[in-house]
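**Student:** Here it is, the structure in full.
Where a number appears in this text, it was derived from the coordinates with a stated rule and is not lab data. A quick note: this is a predicted structure, and the numbers were derived from the prediction, not measured. All Cβ positions, even for glycine, are placed from backbone atoms using ideal geometry, and neighbour counts span all protein chains on display.
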Amino acid sequence: MKSTYILAIESSCDETAAAVVRDGRCVLSNIISSQIDLHALYGGVVPEIASRKHIEHIIPVTTEALKAANVSLAEIDAVAVTYGPGLVGSLLVGVGAAKAIAYAAKKPLVGVHHIEGHIAANYISHPDLEPPFLCLIVSGGHTHLAMIEDYGSCRILGRTHDDAAGEAYDKVARAIGLGYPGGPKIDRLAKEGNPEAVAFPRAHIEGSPYDFSFSGVKSAVLNYLNSCKMKALTGETRHPANMAHAGEEDYLSYLPEGITQADIAASFQAAVVDVLTMRTVAAAKAQGVKKVAMAGGVASNSALRSRMRELCEENGLCLYYPEPIFCTDNAAMIGAAAYYEYRRGVTHDWTLNAVPNLKLGE
């Protein structure tokens with residue numbers, strides 16, 4: 001059977017990416033232009049800056065992807081692009097570029113849901129993986145538990161009621177002076193800390209056993225830091241001189257003796273990982289599935305991978321997760337998801353537009 005080549009574009013946040021994917025699972029090229037260093041100056045992604053940088057990089061990145069794959073535009077079967085969810089300005093740049101390329105080359109256009117792209121990243125790293133399976137999607141903007149019943153078809157079992165897991169990581173990292181991006185920095189620092197140093201809460205949603213809430217643990221960290229500061233200022237605890245730390249709020253200078261910045265990171269991470277892993281395994285057992293996958297930026301977290309692996313082994317479940325490069329935003333995952341859409345005959349016309357609040361399953 002003739003192979004299908006997809007040129008894919010991803011620009012939902014602050015990575016400008018393009019890739020060429022063959023038959024949904026073979027990545028011929030995956031080019032990513034990251035803006036992390038630029039946005040780190042501001043402590044997070046600045047939408048207007050992100051949009052402008054996408055405009056600068058979208059064509060060079062796409063050209064490089066075709067060149068690296070040694071595939072011409074004429075050989076491409078379809079052009080795929082993320083159309084939501086994400087930052088509206090960033091999405092518009094990618095959608096506009098994809099529509100222009102598809103129109104000029106007379107190729108079909110396939111709009112892809114960003115989260116379905118994250119799920120499809122598992123097909124790249126695990127060519128043997130096929131639906132049905134349970135997938136935990138954890139990123140800076142999303143936390144979902146979904147039953148993947150078929151390619152492009154999922155049923156949501158649980159979702160966050162407030163902050164996404166990655167969002168909580170970023171906010172806690174900022175509070176303890178680590179800066180942006182918070183996820184990788186907390187993951188690294190937590191290895192040096194005691195995860196039982198501080199008992200941060202594990203939220204439970206009454207009547208919704210597979211839903212999540214991370215605003216509580218985020219607030220608990222902030223409240224703990226503020227409480228330490230108040231106690232130190234009133235003389236209730238000693239102010240360790242060797243822990244002075246510069247930042248917007250000099251909280252770390254007021255930690256009680258024996259508690260370090262690494263302990264806070266490890267204790268926070270333990271609370272988040274416990275909730276994510278326990279809910280996922282419970283859902284898999286309730287659904288009667290033996291395959292569990294993870295997707296999204298937080299799926300590259302070493303503590304989450306380690307604990308999920310332990311629980312899956314204990315419960316006779318097979319665990320899948322993408323390589324780290326396919327966990328963060330990239331275009332290869334969009335090409336993988338688009339292949340199955342294209343194979344089902346799903347294409348879009350020139351009215352395709354950015355949908356910043358696109359829900360999973362729509």
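**Student:** If I build a Gaussian network model for the chain, linking alpha-carbon pairs within less than 10 angstrom, which residue out of GLY193, GLY86, GLY288 has the largest mean-square fluctuation?
**Tutor:** Taking springs between Cα atoms under 10 Å, the residue moving most is GLY288.
**Student:** Taking the DSSP beta bridges in the chain as the whole, what percent of them are antiparallel, to the nearest 5? Let's see the in-between values first.
**Tutor:** Details: 27 of 44 bridges.
Taking every DSSP beta bridge with both residues in the chain, the antiparallel ones total about 60 percent.
**Student:** Let me ask another. Given +1 on the Cβ of Lys and Arg, -1 on the Cβ of Asp and Glu, and no further charges, what dipole in debye does the chain carry about its Cα centre, rounded to the nearest 20? Present the calculation step by step, with values, prior to reporting the outcome.
**Tutor:** Values: 31 positive and 39 negative charges, 94 e Å.
My answer is approximately 460 debye.
**Student:** How big, in percent, is the set of alpha carbon pairs in region 251-362 lying more than 18 Å apart? Mind showing how you got there, number by number?
**Tutor:** Values: 4142 of 6216 pairs.
Everything past 18 Å amounts to 67 percent.
**Student:** Name the residue from LEU304, ALA173, THR234 whose Cα lies farthest towards the positive end of the charge dipole of the chain, charges +1 on Cβ of Lys and Arg and -1 on Cβ of Asp and Glu.
**Tutor:** The Cα lying farthest towards the positive end belongs to LEU304.
**Student:** With unit charges on the beta carbon (Lys/Arg positive, Asp/Glu negative), name the residue among ALA286, VAL21, PRO256 whose Cα is farthest towards the positive pole of the charge dipole of the chain.
**Tutor:** Result: VAL21, furthest along the dipole toward the positive end.
**Student:** Then there's this: Test of understanding: given the chain, find the longest segment containing no chymotrypsin sites (Phe, Trp or Tyr not before Pro) that are in a DSSP loop and have at most 14 other Cβ atoms within 10 Å. Working shown, then result.
**Tutor:** Details: sites that count: TYR42, TRP350.
That gives 43-349 as the longest site-free run.
**Student:** How many times 2.2 N^0.38 Å is the alpha carbon radius of gyration of region 1-58?
**Tutor:** Working: Rg = 14.3 Å, N = 58, 2.2 N^0.38 = 10.3 Å.
Its radius of gyration relative to the 2.2 N^0.38 Å reference: 1.39.
**Student:** Mind checking Rg over Rh on region 133-322, alpha carbons, Kirkwood formula for Rh?
**Tutor:** Working: Rg = 17.7 Å, Rh = 17.2 Å.
Result for region 133-322 is an Rg/Rh of 1.03.
**Student:** For ALA199 and LYS231, FRET efficiency with R0 = 25 Å and r from the beta-carbon atoms, rounded to 0.05? Intermediate values should be presented prior to the final figure.
**Tutor:** Working: r = 17 Å, r/R0 = 0.68.
With R0 = 25 Å, the Cβ-Cβ based efficiency is 0.90.
**Student:** Running a GNM on the chain with Cα contacts under 10 Å, which residue among ALA120, ALA190, ALA199 ends up with the highest mean-square fluctuation?
**Tutor:** Sorting by GNM fluctuation, first place goes to ALA199.
**Student:** Give me the Debye-computed log₁₀ of I(q)/I(0) at q = 0.11 Å⁻¹ for region 21-128, equal point scatterers on Cα only, no solvent, two decimals.
**Tutor:** -0.39
**Student:** Based on Cβ point charges of +1 for Lys and Arg and -1 for Asp and Glu, what charge dipole magnitude is obtained for region 133-322 about its Cα centre, in debye rounded to the nearest 20? Walk me through the numbers before you get to the answer.
**Tutor:** Details: 19 positive and 21 negative charges, 63 e Å.
Value, rounded to 20: 300 debye.
**Student:** Label points 7 Å out from Cα along the Cβ direction at GLU313 and LEU129: separation in nm?
**Tutor:** Between GLU313 and LEU129, the simple spin-label model gives 1.9 nm.
**Student:** Same structure again: Between 0 and 90 degrees, rounded to the nearest ten: what's the tilt of helix 261-287 against the longest Cα principal axis of the chain?
**Tutor:** Roughly 50 degrees between the two axes.
**Student:** Same structure, new question: When the chain is treated as a GNM, springs tying every alpha-carbon pair under 10 Å, which of ASP329, ASP274, ASP170 comes out with the largest mean-square fluctuation?
**Tutor:** Result for the chain, Cα springs under 10 Å: ASP274 fluctuates most.
**Student:** Which value in nm describes the separation of the simple spin-label points at TYR103 and ALA282, placed 7 Å from the Cα toward the beta carbon?
**Tutor:** In this crude spin-label approximation the distance works out to 5.1 nm.
**Student:** With N residues in region 131-202, what two-decimal value do you get for its Cα radius of gyration over 2.2 N^0.38 Å? Working shown, then result.
**Tutor:** On the way: Rg = 15.3 Å, N = 72, 2.2 N^0.38 = 11.2 Å.
Dividing the Cα Rg of region 131-202 by 2.2 N^0.38 Å gives 1.37.
**Student:** If each residue's Cβ is checked for other Cβ atoms within 10 Å, how do HIS39, HIS113 rank with the fewest at the top? Kindly include the intermediate steps, with their values, before the conclusion.
**Tutor:** Numbers: HIS39 20, HIS113 24.
Neighbour counts put them in this order, fewest first: HIS39, HIS113.
**Student:** Something else: So for HIS348, HIS126, HIS114, fewest C-beta neighbours within 10 Å to most, what's the order? Please list the in-between numbers first.
**Tutor:** Working: HIS348 20, HIS126 17, HIS114 25.
Ascending number of Cβ neighbours within 10 Å: HIS126, HIS348, HIS114.
**Student:** Given (i) -0.32, -0.99, -1.22; (ii) -0.31, -1.11, -1.43; (iii) -0.70, -1.13, -1.26, which label gives log10 I(q)/I(0) by the Debye sum over Cα atoms at q = 0.07, 0.13, 0.15 Å⁻¹ as computed from the coordinates?
**Tutor:** (i)
**Student:** Would you calculate a helix-derived [θ] at 222 nm for the chain, using -39,500 (n - 2.57) for each DSSP H run of n ≥ 4 and dividing by the full residue count, to the nearest 500?
**Tutor:** On the way: 11 runs with 153 residues, N = 362.
It comes out at -13500 deg cm²/dmol, rounded to the nearest 500.
**Student:** Dipole magnitude of region 263-317 about its Cα centre, charges +1 at Lys/Arg Cβ and -1 at Asp/Glu Cβ only, in debye to the nearest 20? All intermediate terms of the calculation are to be shown ahead of the outcome.
**Tutor:** Details: 7 positive and 5 negative charges, 60 e Å.
Using Cβ point charges on Lys, Arg, Asp and Glu, region 263-317 gives about 280 debye.
**Student:** Which distance in nm do the two modelled labels at SER3 and GLU56 give, with both placed 7 Å along the Cα-to-Cβ direction?
**Tutor:** The modelled label-to-label distance comes out at 3.5 nm.
**Student:** Taking the convex hull of the Cα atoms, report for region 73-151 its projected area averaged over all directions, in nm². Spell out each step's value before the answer.
**Tutor:** Values: hull surface 24.9 nm².
For region 73-151, averaging the hull's shadow over all directions gives 6.2 nm².
**Student:** Also: Give the whole-number value, in cubic angstrom per residue, of the convex hull volume spanned by the C-alpha atoms of region 91-230.
**Tutor:** Values: hull volume 24.1 nm³, N = 140.
Dividing the Cα hull volume of region 91-230 by its residues yields 172 Å³.
**Student:** Given the pairs LYS67/LYS359; LYS191/LYS291; LYS67/LYS99; LYS53/LYS359, which are separated by over 24 angstrom at their Cα positions?
**Tutor:** Working: LYS67/LYS359 34 Å; LYS191/LYS291 28 Å; LYS67/LYS99 20 Å; LYS53/LYS359 26 Å.
Over 24 Å apart, Cα to Cα: LYS67/LYS359; LYS191/LYS291; LYS53/LYS359.
**Student:** Say the dipole of region 133-322 comes from +1 at the beta carbon of Lys and Arg and -1 at that of Asp and Glu; which of THR277, THR160, TYR224 then lies farthest toward its positive end?
**Tutor:** THR277
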